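*Asks:* Below: one structure in structure tokens.
The values are calculated or read from the model by the stated rules, or taken from the named source; none is laboratory data. As the structure is a computational prediction, the values presented were derived from the model and not from experiment. Counting neighbours? That spans all protein chains shown, and the Cβs are built from the backbone with ideal geometry, glycine included.
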Amino acid sequence: MQITIRPAAPSDVETIYSFICDLEEITFDLEVFQPLYTQNIADNNNIYLVADSEEGKTIGFISAHGQLLLHHLGMVYEIQEMFVHPEFRGKGIGHLLIGALETRLRDRECRSFEVTTNTKRVATQDFYASCGFNKTHVKFTKEW
């Protein structure tokens, strides 16, 4: 299977919207989502990539947001979202997305590359470990 990894475009908004809704198991408001997506892909500190099948169907994506952190003395990127369409899971597409992102981060002289995932997503944690990520921190969240 030939997979093409490319930067996400404004025209990908509805596909990525559906991926995010599936990922979070909720239907978000597309009218709220669309301007946030447009702003995020335009931000030079963010990287949004999509995976396209041979037929040109977008079957996965990954996003990473970067910020300058004092305690790292430089730019740190964190994966914010990653999704591969269920029909295409287990075929190495997630690894291709991570690899393409890593290449871009090395070009940017990134100091650190992080990911956080929900504790209920055990298979996802195993996937990230298989990509070379180490469990080094515990994250606390507070919502209001």
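*Asks:* Using the structure shown, decide if HIS71 is part of a helix (DSSP H, G or I), in contact with a helix residue (DSSP H, G or I) (Cβ under 9 Å, 6 or more places away or on another chain), surrounded by fewer than 16 Cβ atoms within 10 Å (Cβ to Cβ) and not hydroxyl-bearing (Ser, Thr, Tyr). Step through it out loud before you land on a result.
*Replies:* Details: part of a helix (DSSP H, G or I): yes; in contact with a helix residue (DSSP H, G or I) (Cβ under 9 Å, 6 or more places away or on another chain): no; surrounded by fewer than 16 Cβ atoms within 10 Å (Cβ to Cβ): yes; not hydroxyl-bearing (Ser, Thr, Tyr): yes.
Criteria not met by HIS71.
*Asks:* Take segment 7-28 and flag every residue that is touching a residue at least 24 places away in the same chain (Cβ under 8 Å) and over 13 Å from the mean Cα position of the chain (by Cα).
*Replies:* If we filter segment 7-28 for residues that are touching a residue at least 24 places away in the same chain (Cβ under 8 Å), which is where we start, we get 7-10, 12-13, 15-16, 19-20, 22-23.
Of everything in segment 7-28, those that are touching a residue at least 24 places away in the same chain (Cβ under 8 Å) and over 13 Å from the mean Cα position of the chain (by Cα) turn out to be ALA9, PRO10, ASP12, VAL13, THR15, ASP22.
*Asks:* Still on this structure, I have one more. Among the candidates GLN67, GLN34, single out the residue that is more than 21 Å from ILE5 (Cβ to Cβ) and modelled with pLDDT of 95 or more. It would help to see each step written out before you state the result.
*Replies:* Details: GLN67 fails: modelled with pLDDT of 95 or more.
Checking each option against the conditions leaves just GLN34.
*Asks:* While we're on this one: Of everything in segment 1-23, what is part of a helix (DSSP H, G or I), out of contact with any Asp or Glu (no Cβ under 9 Å at 6 or more places or on another chain) and surrounded by 11 or more Cβ atoms within 10 Å (Cβ to Cβ)? Give them in sequence order. Explain how you work it out, then say what you get.
*Replies:* In the first step, residues of segment 1-23 are kept if they are part of a helix (DSSP H, G or I); the result is 10-23.
With out of contact with any Asp or Glu (no Cβ under 9 Å at 6 or more places or on another chain) added as a condition, the list becomes 10-15, 17-18, 21-22.
ASP12, VAL13, GLU14, THR15, TYR17, SER18, CYS21, ASP22, listed by residue number.
*Asks:* Just to check your reading of the model, which residue among THR117, THR136, THR141 is closer than 30 Å to MET1 by Cα and modelled with pLDDT under 95?
*Replies:* On the way: THR136 fails: closer than 30 Å to MET1 by Cα; THR141 fails: closer than 30 Å to MET1 by Cα.
Checking each option against the conditions leaves just THR117.
*Asks:* When the residues of segment 115-139 are filtered to those that are among the hydroxyl-bearing types (Ser, Thr, Tyr) and closer than 15 Å to GLU25 by Cβ, which remaining residue is surrounded by the fewest Cβ atoms within 10 Å (Cβ to Cβ)? Reasoning before the result, please.
*Replies:* Applying the first criterion (among the hydroxyl-bearing types (Ser, Thr, Tyr)) to segment 115-139 yields 116-117, 119, 124, 128, 130, 136.
This time we only want the ones that are closer than 15 Å to GLU25 by Cβ, so: 117, 124.
Working: THR117: 16, THR124: 14.
Result: THR124.
*Asks:* Another one. Give the number of residues within segment 24-49 that are part of a helix (DSSP H, G or I) and surrounded by 13 or more Cβ atoms within 10 Å (Cβ to Cβ). Please lay out each step first, then the result.
*Replies:* Let us first name the residues in segment 24-49 that are part of a helix (DSSP H, G or I), namely 24, 30-42.
This time we only want the ones that are surrounded by 13 or more Cβ atoms within 10 Å (Cβ to Cβ), so: 30, 33-34, 37, 40-41.
Total satisfying the criteria: 6.
*Asks:* Follow-up. Tell me, yes or no, whether segment 83-98 has at least one residue that is in a strand (DSSP E or B), modelled with pLDDT of 95 or more and out of contact with any Cys (no Cβ under 6 Å at 6 or more places or on another chain). Write out each step before concluding.
*Replies:* Looking only at segment 83-98, we keep the residues that are in a strand (DSSP E or B), and these are 83-84.
Subsequent filtering for residues that are modelled with pLDDT of 95 or more retains 83-84.
Within this subset, residues satisfying the condition of being out of contact with any Cys (no Cβ under 6 Å at 6 or more places or on another chain) are 83-84.
Yes, there is a match, as at least one residue in segment 83-98 is in a strand (DSSP E or B), modelled with pLDDT of 95 or more and out of contact with any Cys (no Cβ under 6 Å at 6 or more places or on another chain).
*Asks:* List the number of the failed condition for THR58; all other conditions in (1) within 23 Å of SER18 (Cβ to Cβ); (2) among the β-branched types (Val, Ile, Thr); (3) free of Cβ contacts under 8 Å to residues at least 40 places away in the same chain; (4) out of contact with any Lys or Arg (no Cβ under 7 Å at 6 or more places or on another chain) hold.
*Replies:* (3)
*Asks:* Go through VAL76, VAL115 for me and flag whichever is under 22 Å from LEU36 (Cβ atoms) and in contact with a Lys or Arg (Cβ under 7 Å, 6 or more places away or on another chain).
*Replies:* On the way: VAL115 fails: in contact with a Lys or Arg (Cβ under 7 Å, 6 or more places away or on another chain).
Only one candidate qualifies: VAL76.
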